[in-house]
Each structure stands twice: as C-alpha cells, then as structure tokens.
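Written out below as structure tokens is the structure these notes cover.
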C-alpha cells in the first residue's frame, strides 16, 4: 500500500475543490421485488453512525453480489445529494441518504466538477475517482420504474466510483478535499459518463479514456472491447444492462 506521502507530488497546485460527506452507508445482500421478480442485490443501504474503517475493498458490512462490485476500483460509490430533488420532482420517494445505492452521499462535488484520477482526502483516508457509474436494471427494480436506468445515464446524474489509495477512518460530516489532479487531461466524470453510457459510438472518446492511467479496470475493459470491435451495437441503450429481460424494448 502506497503511503499518503506519495500524493504530495510537486506538480501544479490543484484547483480548490472541497465538498462534504453527508452520509456514509452500507448494505447487506437482499432482494429487490417491486413487481414480483426477485433480484438479488445490496442496493438498499443505510447510514452508519460514527466513524468507520475504510479499506481497499470498501467498508465493513457493505456486501456485494457481483464480482466487480466492491473490488479495488469499486470500493465506494459516491452520489451527489444535489440530484435528489430532481428525482423527487419526478415523483420518486427518496430517503435522506443512500437513495441511489451509494456509500457516500456528498454535497458540493458534482460529476461535472470531478475529473477521472482526482485524488481526495476524506478523514484519514485517501481515495481516487476512477470511473463513472454504469447504471443497470437494479435502479429500475429499486424504484419500480422501467426507464430509471436510462434516465440516470441520460441525465448524467450517475455518481462516481472511488478506489482507496490510503486506508483510514471516515464519517458523516467529513470534508472531501481535492489533493491532486492529473494535469495531462481534463476528462470529467460527466464526460466519461457520456462516452461510456450515452454516445457509445464515440470511439475517439473511448481512446481518450483508455489513455488515462487512473481509469478503473471495468471501464478499461469495456472501452478496449468497444475499440476492438470497431463500432458500438447501440447508440445510447445497452439493453442487457439497463432492463430486466422482460422489460427490454422491442428492436
């Protein structure tokens, strides 16, 4: 494990960027069953009190169903609390935190603010934004709305995934402060989401993502496969990911 000292490189000072962690949440594997079709997931999370240990694989008590979830490049999902009002205006009943299955409900750090590779201090831990979220059918299952994953990807209100560079303790109320930014690119989480989730035929964009050393492993595999194939199947809808099999739109 690299020490925190490694993140004080003598490069241009990063822009002042600081937000707040409003809640830290974890969840156990259960079942989502809004329409009689059971889907195993740990989407439902609840805030934890006090300070908790954050390690390379995430938070204690935070369970996962799928192989990549909770791995080193998906240790934490952060989601801006500013987006909650948008979803409430659509009629969704959201709890105060962890509504979108996130571990960290944040304030002041939108997808447009954060670049791939940005390094943040939270409490005594150091984390790195390494990829955007790829919305999937569990969002639809959670809210009983078939188009929910499509809405999340098309709005860009996806949240972002963090890897842990230095383990430590974190808690609600902690500042989330930018410590370092890669000076060699300007690809935001929002731009990465556009390339990955929406404009799937943007192969030049995929190449831009692959050139970023901090890019998370699952996104790297997806972009490499897209380029190898030479063309994307769909321009906006990855039906296998976004819909339950019974809900796929007709082709």
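Each value in this text was obtained by applying a stated rule to the coordinates, not by laboratory testing. Keep in mind that this is a model prediction, so the values were computed, not measured. Backbone-built Cβ (ideal geometry, glycine too); neighbour counts: all protein chains shown.
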Label residue 85 and residue 38 with points 7 Å out from Cα along Cα→Cβ: what is the distance between them in nm? 4.0
So for region 130-239, using the alpha carbon gyration tensor with a ≥ b ≥ c as root eigenvalues (a/c under 1.5 gives rounded; past that, a/b versus b/c decides prolate or oblate), I'd call it oblate
Once R0 is set to 30 Å, what does the formula 1/(1 + (r/R0)^6) return for the Cβ-Cβ distance between residue 94 and residue 210, expressed as a FRET efficiency to the nearest 0.05? 0.30
Between residue 229 and residue 64, what is the label-to-label distance in nm when each label sits 7 Å out along the Cα-to-Cβ direction? 2.3
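Which order results if 187, 24 are arranged by neighbouring Cβ count within 10 Å, fewest first?
Values: 187 18, 24 29.
Listing 187, 24 from fewest to most nearby Cβ atoms yields 187, 24.
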Proxy exposure order for 93, 147 (fewest C-beta within 10 Å first) is 93, 147
Rotationally averaged projected area of region 59-127 (alpha carbon convex hull; nm²): 5.9
For all pairs of alpha-carbon atoms in region 15-185, what percent lies in each bin of width 5 Å, listed from the first bin to the last filled one? 2, 9, 18, 24, 21, 15, 8, 3, 1, 0
Just subtract the alpha-carbon distance of residue 107 and residue 199 from 0.36 nm times their residue separation and send over the number in nm, one decimal. 30.4 nm
In what order do 79, 86, 160 fall by count of nearby beta-carbon atoms within 10 Å, going from fewest to most? 86, 79, 160
Modelling each spin label as a point 7 Å along the Cα-to-Cβ direction, I'd like the residue 51/residue 124 distance in nm, to one decimal. 0.6
